[in-house]
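For reference, the structure is listed below as structure tokens.
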Amino acid sequence: LPFRAPAPSHPIRRFFFKLCGDGLDMTHPFEMCITIILLINMLTVCMQHHGQPSEFVDAEFYVGLIATGVFAFETVVKIIAWDIWYFRSWWNVFDFILALASSVSVFVSSGPTVVFNILRLFRLLRMFRFIKKFKKLQAMFETLSISALASFNVATVMFVVFFIFAIFGMQFFGKIMLMERGLEDHANFSDFPNAMLTLFRVSTGDMWELVMYGTMIHEGNSDCSMERGDCGTPWAAFYFIIFVLVGGLLLINLFVAIVLEKFAESHLDETSQKIRTVDMWRSAWSYFDRTHSGKLPVRYFLAVILTAPQRFGFGETLLSGECC
């Protein structure tokens, strides 16, 4: 179920609760203000460029400083208003870590460069906060999370295919002469790491035909020599065509198919849950409205609300048998 914090009874906490909302309504004025500030902060980060004037650098610094202060204020307000409920949502925990890291980076500007850059990196992660503010983005993100395990299985098979083709490439193309257009220093089969990188380049379609032509050179179109054994072979085309079909098209498209399947399943589950909820509400109403008139006496209305499922009532499951 979506996160929703309960209303507190303490007057001070109730004040902050009215200020920030319950965490479910993303159209609350407080949430809208946070979204606008987040958007402005992201735009200033995207506007960075080489040779930017010092005035822009100062403006960017102060915008980032204000955004950090606003996000820290948001975190404090929500923790006061929601208490321990704040940490029952993973998105809130993520916001808390970002706010904490961003606040620390403001005071560690004089520390080691590596530590400072890592802390500044957390500011760039603020864009992920847009995910929880838009339902469609959140559904897509959850789909990617669900499909991670199945994608790992496909990735394992893909690694095995790459491994087999890399070994074959080292055996048959490892001694071929390197050229400017063809096999080169960064695309060859001389050893296993280079073979794997070369196959990755071929799988992405990045001028893979030049790599293929480089494995097919002969004495007539290059300086290779059959005596030295650094010439190619004409059947190399079959090697690359098979690899492109299996590794570059079939396996990579499997990742897309898995994500689409999980996305369709998530929508189907959501639709089925809505239909089931409506059916349970209809059953609860029909239990008391034995004449099917569409009207109920007032004395039965509270019983229907207590029996009906959530969103319509307070019940978890429909009671069968005697109800009241």
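The values are calculated or read from the model by the stated rules, or taken from the named source; none is laboratory data. Note that the structure is a prediction, hence the values are computed from the model and not measured. Using ideal geometry, Cβ is built from the backbone for each residue, glycine included, and neighbour counts are taken over all protein chains shown. In case anyone asks, the SASA skips ligands and DNA or RNA and just uses the protein heavy atoms, side chains included. Shrake-Rupley method; radii C 1.70, N 1.55, O 1.52, S 1.80 Å.
General observations
- Test set (1) closer than 30 Å to LEU183 by Cβ; (2) in contact (Cβ under 8 Å) with a residue 40 or more places away in the chain; (3) open to solvent by less than 60 Å² (accessible area, probe 1.4 Å) - ALA166 fails condition number: (2)
- Pair list, Cβ < 8 Å and 6+ apart or interchain, from segment 137-149 residues that are of a type in the set (A, V, I, L, M) to residues that are loosely packed, with under 13 Cβ neighbours inside 10 Å: ALA139/HIS267
- If the condition is being within 17 Å of PHE172 (Cβ to Cβ), assigned to a helix (DSSP H, G or I) and open to solvent by less than 60 Å² (accessible area, probe 1.4 Å), then segment 209-222 contributes VAL211, MET212, GLY214.
- The set of residues in segment 91-107 that are modelled with pLDDT under 85, open to solvent by less than 40 Å² (accessible area, probe 1.4 Å) and either closer than 21 Å to LYS133 by Cβ or out of contact with any Lys or Arg (no Cβ under 8 Å at 6 or more places or on another chain) (or both) comprises ALA101, SER102, SER103.
- Across segment 169-203, the number of residues qualifying as in a helix (DSSP H, G or I), closer than 20 Å to PRO234 by Cα and in contact (Cβ under 8 Å) with a residue 12 or more places away in the chain comes to 8.
- Qualifying position, being basic (Lys, Arg) and buried (at least 17 other Cβ atoms within 10 Å of the Cβ), among LYS78, LYS18: LYS78
- Failed item in (1) among the charged types (D, E, K, R); (2) in contact with a Gly (Cβ under 7 Å, 6 or more places away or on another chain); (3) open to solvent by 80 Å² or more (accessible area, probe 1.4 Å), with ARG88 passing the rest: (2)
- Per-region count, segment 145-189, residues of a type in the set (Gly, Ala, Ser), more than 26 Å from ASN253 (Cα to Cα) and at pLDDT 90 or above: 0
- Hey, VAL45 under 24 Å from the mean Cα position of the chain (by Cα), part of a helix (DSSP H, G or I) and more than 15 Å from ARG129 (Cα to Cα) or not: yes
- Residues (surrounded by 12 or more Cβ atoms within 10 Å (Cβ to Cβ) and in contact (Cβ under 8 Å) with a residue 12 or more places away in the chain) located in segment 48-62: ALA59, GLU60
- The listed residue being part of a helix (DSSP H, G or I), at pLDDT 90 or above and either open to solvent by 40 Å² or more (accessible area, probe 1.4 Å) or over 14 Å from LEU199 (Cβ atoms) (or both), out of ILE242, ILE258: ILE242
- Taking residues in segment 223-234 that are closer than 18 Å to MET170 by Cβ and at pLDDT 85 or above, and partners anywhere that are open to solvent by 20 Å² or more (accessible area, probe 1.4 Å) and not in a loop (DSSP other than H, G, I, E, B), not one pair has Cβ atoms closer than 6 Å while being at least 6 places apart or on different chains.
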